[in-house]
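Structure, as structure tokens:
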Amino acid sequence: MNTHAINDKPSLHTMDNLPFGLLIRPTFSGQTVEQLPVSELRALAREHHLLILRGFAPTFVDSPSLTRYAEQWGTIKMWPFGAVLDVREHLDATDHIFDHSSVPLHWDGMYKPTIPEFQLFNCLKAPAENQGGCTTFLNTRALLADAPPERLELWKTIEVTYRIQKVVHYGGEVCSPLLVPDPRDGQWVLRYNQPAEKDTRFLNRHALEYHGLAPEQVAHFEQDLHERLHDPRFFYAHAWQQHDVVIADNFSLLHGREAFTSRCTRHLQRVHIHGSPVCTNTALKR
């Protein structure tokens, strides 16, 4: 296990038996996330793509306290509801984000004019161990580094149009290449919003239209990509513990959610942090 420290205080570990990311634990009782230097955390998030801060004393007890901390990371991407999205089940949900169903892999900001660099998650209440609700992450850089050259060349020719009804705070139409350069260093990353599983409960199902593929090629393409996206070498499902703080790289990762037991205690908060310069969403159509 590789270990090092931020200012010789917290304990940082590469995650045992997991494909990527960094697990950060406190080294003294009562240590808070706010005591960790944000500049060093930001550098680690760009290097490892996923930071899991676990076991720290809880300090983000409400939306204002989480917002104040997030402002130290950079410019917050604001939404109609403000900076902080409460991610929990709504019994009258009209969209899958607020349902208890699974959510396929996607990138955040895909239907908005700008795409955030980081997602900052705070777990107010975790579901019980047997209730599901893991947040899933896919390291697209590692996946592309492993893909055969002929597969990469095919993927570079493909674009996908996505359409979804705007029934909550996002919606519309985008047309994105499957592979795009990371706005920070130009390395290839994968942008894809998986189709929702057929014949399952899914509120506000999105439509996909492929460009660069013949209709008879689509089924094989989707199956092949699905298998690659869930390759355990690149895919990680995070089981939440109360007060976990997770920082995810929205440029290089895709993320989703496993289904969870309805009416369970799962309650996350999420804030989006813009990069510098802000990443414009050139795929947005309407």
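FYI, it's all coordinate maths here, none of it is from the lab. The model shown is predicted, which means the values in this text are computed figures rather than measured ones. Note that we place each Cβ from the backbone using ideal geometry, even for glycine, and neighbour counts take in every protein chain shown.
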Computed [θ] at 222 nm, deg cm²/dmol, the chain (DSSP H ≥ 4; -39,500 (n - 2.57); rounded to nearest 500): -4500 deg cm²/dmol
Extension gain (nm, one decimal) between Asn130 and Arg201, 0.36 nm per residue minus Cα-Cα: 23.5 nm
Which listed pairs, of Lys77/Lys198; Lys166/Lys198; Lys125/Lys156, have C-alpha distances above 29 Å, in listed order: Lys77/Lys198; Lys125/Lys156
Long-range HN-HN contacts of Thr136 with modeled amide H, under 5 Å: His238, Gly256, Arg257, Glu258
Cα centroid separation, the range 157-210 to the range 241-286 (Å): 15
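Tell me the relative contact order for the chain as a rounded percent, counting alpha carbon contacts under 8 Å between residues six or more apart. Walk me through the numbers before you get to the answer.
On the way: 593 pairs, mean separation 94.7, N = 286.
The normalised contact order for the chain reaches 33 percent.
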At R0 = 35 Å, FRET efficiency that the Cβ-Cβ distance of Glu227 and Gln35 yields, to 0.05: 0.25
Long-range HN-HN contacts of Thr114 with modeled amide H, under 5 Å: Asn281
Karplus 3J(HN,Hα) series, Hz, for the range 37-46 with 6.51 cos²θ - 1.76 cosθ + 1.60 (x for Gly, Pro): x, 5, 4, 6, 4, 4, 4, 5, 5, 6
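Fully extended, how many nm does the chain gain between Arg25 and His211 (0.36 nm per residue separation, minus their Cα-Cα distance)?
Fully extending the segment from Arg25 to His211 adds 62.4 nm.
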Mean separation of Cα contacts under 8 Å, 6 or more apart, over the residue count of the range 48-120: relative contact order %: 16
Thr75 long-range amide H proximity, modeled H, under 5 Å: His274
Semi-axis lengths (Å, descending) of the ellipsoid that matches the C-alpha gyration tensor of the chain: 30, 22, 19
Computed FRET value (nearest 0.05) for Val61 with Phe81, which takes r as the C-beta separation and R₀ as 25 Å: 0.85
